[in-house]
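Each reported figure results from applying straightforward, stated rules to the coordinates on display, with no laboratory input. Keep in mind the model is a prediction, meaning the values are calculated, not measured. Don't worry about glycine lacking a Cβ; one is built from the backbone with ideal geometry, like all the others, and counts go over all protein chains shown.
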Amino acid sequence: MKRVKAACICQTLHFMLKDDLAHSIAARLVREEVEHYKQALERNHTKHKIVDETTQEDGSVIVRIIKQYNQSPVGSTSTETVAKLTLCRQSVF
């Protein structure tokens, strides 16, 4: 018999600018959307670790995150584990 001891999702999220808005407004809305996303994670008590958050030249934001899958324990999110997950993600895709 097997049991899941830990499970998590590794995601790369790209918060993109809306084309029909002025650049400064679109960039501000993207930053607000990223903050709203982070607040929602906290509000929902989703265990997570933001591995990387990068603002692109166009003002969009890319967030790499490891987060809880359903109610499963996340397990270790140490730097070593994050590095292994990153390597795994890169080799799969």
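Is it the case that residue 56 is in contact (Cβ under 8 Å) with a residue 40 or more places away in the chain and surrounded by 13 or more Cβ atoms within 10 Å (Cβ to Cβ)?
no
Scanning the stretch 16-47 for residues that are in contact (Cβ under 8 Å) with a residue 24 or more places away in the chain, under 21 Å from residue 69 (Cα atoms) and of a type outside the set (Val, Ile, Thr) yields 37, 41, 47. Residue count for the stretch 16-53 satisfying the condition of being among the hydroxyl-bearing types (Ser, Thr, Tyr) and either surrounded by 13 or more Cβ atoms within 10 Å (Cβ to Cβ) or closer than 27 Å to residue 3 by Cα (or both): 2.
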